[in-house]
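Trainee: Could you have a look at this structure, given as structure tokens, before my questions?
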Amino acid sequence: MTSSTARIVVVGGGLAGLRTVEELRALGHQGPITLIGAEHRPPYDRPPLSKQLMMGAVDDTSLRAELDSLGAEIRLGERAERLGDGVVRTDRAEYQFDRLAIATGARPIALPGPGRQRFLRTIDDALALRETLLPGARLVIIGAGWIGAELATAAAARGCGVTVVEAASAPLAGAVGTEVGARTAGWYAEAGVELLTGQAVESVQYGGLALAGGGWLAADEVITAVGVRPDVGWLESSGIKMENGVAVDDQLRSSIPGVYAVGDCAAFWSARFGRRIRTEHWDSALRAPVLLAANLTGAQQRYDPVPYFWSEQFGRMLQHVGDHRAADRLIWRGGADGPHWAACWLAGERLVAVLTVGLPRDLQQGRRLIESGVAIDADRVGDPAVPLRDGVR
Ligand SMILES: Cc1cc2nc3c(=O)[nH]c(=O)nc-3n(C[C@H](O)[C@H](O)[C@H](O)COP(=O)(O)OP(=O)(O)OC[C@H]3O[C@@H](n4cnc5c(N)ncnc54)[C@H](O)[C@@H]3O)c2cc1C
């Protein structure tokens, strides 16, 4: 076997899996490729599910109608159940491989209780949920994270009575911390959405929610949006190293030779941030497969991007670059009352993350400062009249 004729199996028919197959063929890989996807549908985009699709602007987010041109064996509606030595076992067959790409994404976390919980991960979830967004329906969304905020935006616009229950003291607390998240709290009321923070949900019951501490919240529909977990249960018996997902190195290689992972299910080693990072970002699923395909066919390229994510909520465009977990200082650009502002996180003298609200230029300039790792001047960064790029010390 040479690397150009290797048998490559890709498990997971989402964006990262599809992009891996596309990039392998774009690189001229001639060996057999099999793509195994548990969903019956061809790969599709998820970001519009909570935005344009939920608002009724689109019904279909398919990534490509024609998979045939990739010259790959496409196995849809088939679930990988086990990884053995050089073989993937599914609920239907076995596939030998020389190299394996794991791209099984993530699945929503459910809460306890017998009541019906809806989730928003697949297009089928989204289409079914959209049917329930009728004027006057009482919708309770558990979790004021990215998905909860976007769904609340759409549901309120469609005339539902929307309550968002959040265990933390502010929206987006898990993603950007309470201080930054608190700046978004007023947007809910502006849109006619009731936001209850500091309210943990104990269980989902018939007709509503039991709150920790004894309260009750009635609901026609409950949507649980408290986050996702990497969908890696099928790898349990393989002995593959896990660390909040499949642990991969800076070349996206797992602990098992010839086995790689990418997208929402993979936690990669980032030299830039000095830690393993698992992103749940469309941009990573789009771009990392370029490098993965090269490495699957013999290259040894290093993966160390500045992660990027966006969200559209309450009529605003939010964009986030970097990783702020090592930050020791937060600097604002612009006041909370204005329509546009940015939060800049510093670790020592380096910028490590930026969140912008309606400031795409700050986002681009911030990304370059993070990439270059230059020392910056905090006073200049905090002055919105100074372009962010001129914040260099
Ligand atoms: C509603 C919604 C809105 C979003 N909005 C944004 C946004 O605005 N901005 C942004 O940056 N990101 C957004 N995201 C996140 C982004 O969509 C994900 O990061 C991206 O889809 C990850 O791609 P993936 O291919 O790694 O995983 P997935 O898209 O989860 O695909 C994995 C696929 O693998 C399949 N699979 C799982 N287990 C198995 C198995 N054992 N065998 C075979 N197949 C399996 C799954 O069924 C799934 O089809 C959003 C996500 C959702 C759900």
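Trainee: For region 113-210, what is the accessible area per residue in Å², given a 1.4 Å probe and the full set of protein chains?
Mentor: Dividing the accessible area of region 113-210 by its residue count gives 38 Å².
Trainee: Contour minus end-to-end for residue 68 and residue 332, with contour as 0.36 nm per residue of separation and end-to-end as the Cα-Cα distance?
Mentor: That works out to 90.1 nm of additional length.
Trainee: Leaving out ligands, DNA and RNA, and with a 1.4 Å probe, what % of the accessible surface on the chain is carbon or sulfur?
Mentor: Within the chain, the accessible surface is 48 percent carbon and sulfur.
Trainee: So, one more: Using a 1.4 Å probe, what is the accessible area per residue for region 236-393, in Å²?
Mentor: Accessible area per residue, region 236-393: 43 Å².
Trainee: As I understand it, the dipole of region 1-148 uses +1 on the Cβ of Lys and Arg and -1 on the Cβ of Asp and Glu, about the Cα centre. Which of 97, 48, 139 lies farthest toward its positive end?
Mentor: It is 139.
Trainee: Another question, then. Karplus couplings for region 99-104 from phi (6.51 cos²θ - 1.76 cosθ + 1.60, θ = phi - 60°), rounded to Hz, Gly and Pro as x?
Mentor: 3J(HN,Hα) across region 99-104, in whole Hz: 9, 10, 10, 9, 9, 8.
Trainee: Additional query: For region 304-393, what class follows from the C-alpha gyration tensor (a ≥ b ≥ c being the square roots of its eigenvalues): rounded when a/c is under 1.5, otherwise prolate if a/b is larger than b/c, else oblate?
Mentor: Taking the square roots of the gyration eigenvalues as a ≥ b ≥ c, region 304-393 is oblate.
Trainee: Which of 237, 391, 286 sits closest to the plus end of the dipole of the chain, meaning its Cα is farthest towards the positive end, when Lys and Arg get +1 and Asp and Glu get -1 on the C-beta?
Mentor: The residue sitting most towards the positive pole is 391.
Trainee: In addition: Looking at the chain as a GNM with Cα springs under 10 Å, which of 258, 148, 84 has the largest mean-square fluctuation?
Mentor: 84
Trainee: Compute the FRET efficiency between residue 76 and residue 243 as 1/(1 + (r/R0)^6), taking r as their Cβ-Cβ distance and R0 = 22 Å, and round to the nearest 0.05. Before the final figure, lay out each step's value.
Mentor: Numbers: r = 30 Å, r/R0 = 1.36.
Calculated transfer efficiency: 0.15.
Trainee: Would you tell me the accessible area of residue 284, worked out with a 1.4 angstrom probe on the heavy atoms of the protein chains, in Å² to the nearest 10?
Mentor: My reading of the accessible area for residue 284 is about 10 Å².
Trainee: Here's a follow-up. Give me the Å³ per residue figure for the convex hull around the C-alpha atoms of the chain. List each step's numbers first, then the result.
Mentor: Details: hull volume 56.2 nm³, N = 393.
Hull volume normalised by residue count: 143 Å³.
Trainee: Where the only charges are on Cβ atoms (+1 Lys, Arg; -1 Asp, Glu), what is the dipole of the chain about its Cα centre, to the nearest 20 debye?
Mentor: Working: 41 positive and 46 negative charges, 108 e Å.
Dipole magnitude for the chain comes out near 520 debye.
Trainee: Ok, one more. What residue among 342, 57, 80 shows peak mean-square fluctuation when the chain is described by a Gaussian network model with Cα springs under 10 Å?
Mentor: Top of the fluctuation ranking is 57.
Trainee: Same structure again: Would you kindly work out the equivalent ellipsoid of region 254-365 from its C-alpha gyration tensor and give its semi-axes, the square roots of five times the eigenvalues, largest first in whole Å?
Mentor: So the three semi-axes of region 254-365 are 31, 16, 11 Å.
Trainee: In region 78-97, whose amide N lies under 11 Å from the spot 7 Å out along Cα-to-Cβ of residue 7? List them in ranges.
Mentor: Residues passing the 11 Å test: 86-88, 94-97.
Trainee: Which parts of region 103-130 would a label at residue 206 reach, counting a residue when its backbone N lies under 15 Å from a point 7 Å out along Cα-to-Cβ?
Mentor: Of the residues in region 103-130, 113-117 have backbone N under 15 Å from the label point off residue 206.
Trainee: Output the relative contact order of the chain, whole-number percent, from Cα pairs under 8 angstrom with separation of 6+ residues.
Mentor: In percent, rounded to a whole number, it is 14.
Trainee: Pick from 382, 274, 233 the residue whose mean-square fluctuation is largest in a GNM of the chain, springs joining Cα atoms under 10 Å.
Mentor: 274
Trainee: Apply the a/c threshold of 1.5 to the C-alpha gyration tensor of region 162-232 and tell me whether it is rounded, prolate or oblate.
Mentor: Judged from the Cα gyration tensor, region 162-232 comes out oblate (a/c at least 1.5, b/c at or above a/b).
The values are calculated or read from the model by the stated rules, or taken from the named source; none is laboratory data. All values reported here derive from a predicted model rather than from experimental measurement. FYI the Cβ positions are ideal-geometry reconstructions off the backbone, even for glycines, and counts take in every protein chain you see. Only protein heavy atoms, including side chains, enter the accessible area calculation; ligands, DNA and RNA are left aside. Shrake-Rupley method; radii C 1.70, N 1.55, O 1.52, S 1.80 Å.
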